[in-house]
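Sending over a structure as structure tokens; questions will come in a sec.
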Amino acid sequence: MSLVLDPAAQDLLFREARTANTFTDEPVTDEQVQAIYDLVKYGPTSMNQSPLRVTLVRSPEARERLVQHLAEGNQAKTATAPLVAILSADNEFHEELPALFPHFPQAKDAFFGERVVRENSAALNAALQAAYFIIGVRAAGLAAGPMTGADLEGIRKEFLDDDHTPLMVVNIGRPGPDAWFPRSPRLEFDQVVTTV
């Protein structure tokens, strides 16, 4: 084996993990979400920016408001998932940099004084963290159903503010009956990797 990670963990996180489309009604607790975050917060970002923000949609009325902004094919599964999270990028992440990047506290102003620079950096680094979050959900023995088929601007207006850009909605829970679509093909190593 070329990988140090146990094969069962490899399967849990990657090979056997799938995007869930149905869920049981078993609740997802705040303790589970905190454990997921406490693991994935260690994933690397540029200059330790950490721009990901997670909005948990727990109340029935908030769920109804969210479902209205989703593509039709995503509405039913979101309406019935045990937990739904809106993952967004905080475009004012630079305010935290003096604490998160203490060996160069001037980075806040030196690199991120312009809003467009912050937005581009926040989008990239929050997307990295969103991927870590999905892997963290799998590490907790749960399934994730990430979706970008939505009116993201409508979600921003409904749940966030002008300083946060929604990236995706993620349904979270234990997979229910017929949760999986057939696995789609993946590119092979030699289709992706080149050496120069």
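The values are calculated or read from the model by the stated rules, or taken from the named source; none is laboratory data. This one's a predicted model, so the numbers in the text were calculated from it and none came from an experiment. Here the Cβ is made from the backbone with ideal geometry for all residues, glycine too, and neighbour counts use every protein chain on show. All accessible areas refer to the heavy atoms of the entire protein, side chains included, with ligands and DNA or RNA removed. Shrake-Rupley method; radii C 1.70, N 1.55, O 1.52, S 1.80 Å.
Rounded to the nearest 0.05, what FRET efficiency do Y37 and E61 give with R0 = 25 Å and r taken as the Cβ-Cβ distance? Could you check?
It comes out at approximately 0.50.
Positive end of the charge dipole of the chain (Lys, Arg +1 and Asp, Glu -1 on Cβ, about the Cα centre): tell me which of P182, Q68, H103 has its Cα farthest that way.
P182
Compute the relative contact order of the stretch 40-189 as a whole-number percentage, counting only Cα pairs closer than 8 Å that sit 6 or more residues apart in sequence.
Details: 211 pairs, mean separation 48.8, N = 150.
Across the stretch 40-189, relative contact order equals 33 percent.
Could you tell me which label, among (1) 27, 19, 16; (2) 24, 18, 17; (3) 28, 24, 16, carries the value of semi-axes √(5λ) of the Cα gyration tensor in Å calculated for this structure?
Comparing each candidate, only (3) matches the computed number.
Set the Förster distance to 41 Å, then compute FRET efficiency between D161 and T195 from the Cβ-Cβ distance, nearest 0.05.
Rounded to the nearest 0.05, the efficiency is 0.35.
If each of L187 and S46 carries a label point 7 Å out from its Cα toward its Cβ, how far apart are those two points in nm?
Output for this residue pair reads 2.1 nm.
Then there is this: Per the 1.4 Å probe, what fraction of the accessible area of the stretch 1-60, in percent, lies on carbon and sulfur atoms?
Of the solvent-accessible surface of the stretch 1-60, carbon and sulfur hold 60 percent.
Per DSSP H run of n ≥ 4, the term is -39500 (n - 2.57); total these for the chain, divide by its residue number, and report the mean residue ellipticity at 222 nm rounded to 500 deg cm²/dmol. Let's see the in-between values first.
Numbers: 9 runs with 79 residues, N = 196.
-11500 deg cm²/dmol, from helical runs alone.
Whenever you get a sec, line up R115, R138 from highest to lowest accessible area (probe 1.4 Å, protein heavy atoms). Write out the running numbers ahead of the final one.
On the way: R115 75, R138 40 Å².
Highest to lowest solvent-accessible surface, that is R115, R138.
Sticking with this one: Given the Cα-Cα distance of L124 and T24 and 0.36 nm per residue of separation, how much length would full extension add, in nm?
Length gained between L124 and T24: 32.7 nm.
HN-Hα J couplings of the stretch 136-146 from phi, Karplus 6.51/-1.76/1.60, θ = phi - 60°, integer Hz, Gly and Pro as x?
So the Karplus estimates, Gly and Pro as x, are x, 4, 5, 5, 7, x, 10, 10, 10, x, x Hz.
I would also like to ask the following. Can you tally the net charge around L83? Count Lys and Arg as +1, Asp and Glu as -1, for every other residue whose Cβ sits under 15 Å from the Cβ of L83.
Around L83, the surrounding residues sum to +1.
Cβ neighbours within 10 Å, averaged per peptide: list 164-173, 143-152 in order, most packed at the top.
By packing density, highest mean first, the sequence is 164-173, 143-152.
For the stretch 125-132, in order, what is each residue's ³J(HN,Hα) by Karplus, 6.51 cos²θ - 1.76 cosθ + 1.60 with θ = phi - 60°, in whole Hz (x at glycine and Pro)?
6, 5, 5, 4, 5, 5, 5, 4
Give, as a single signed number, the net charge of other residues whose beta carbon lies under 13 Å from the beta carbon of P102, with Lys and Arg counted +1 and Asp and Glu -1.
0
Same structure, new question: Amide H to amide H, which residues 5 or more places from L83 or on other chains are under 5 Å from it, using H placed in the peptide plane?
Amide H to amide H, under 5 Å and 5 or more residues apart or across chains, L83 pairs with I172.
Counting only protein heavy atoms, what percent of the accessible surface of the stretch 97-156 is carbon or sulfur at a 1.4 Å probe?
Ligands and nucleic acids excluded, carbon and sulfur reach 62 percent.
I would also like to ask the following. Placing +1 at every Lys and Arg Cβ and -1 at every Asp and Glu Cβ, with all other atoms neutral, what dipole size does the chain have around its Cα centre, in debye to the nearest 20?
Approximately 380 debye in magnitude.
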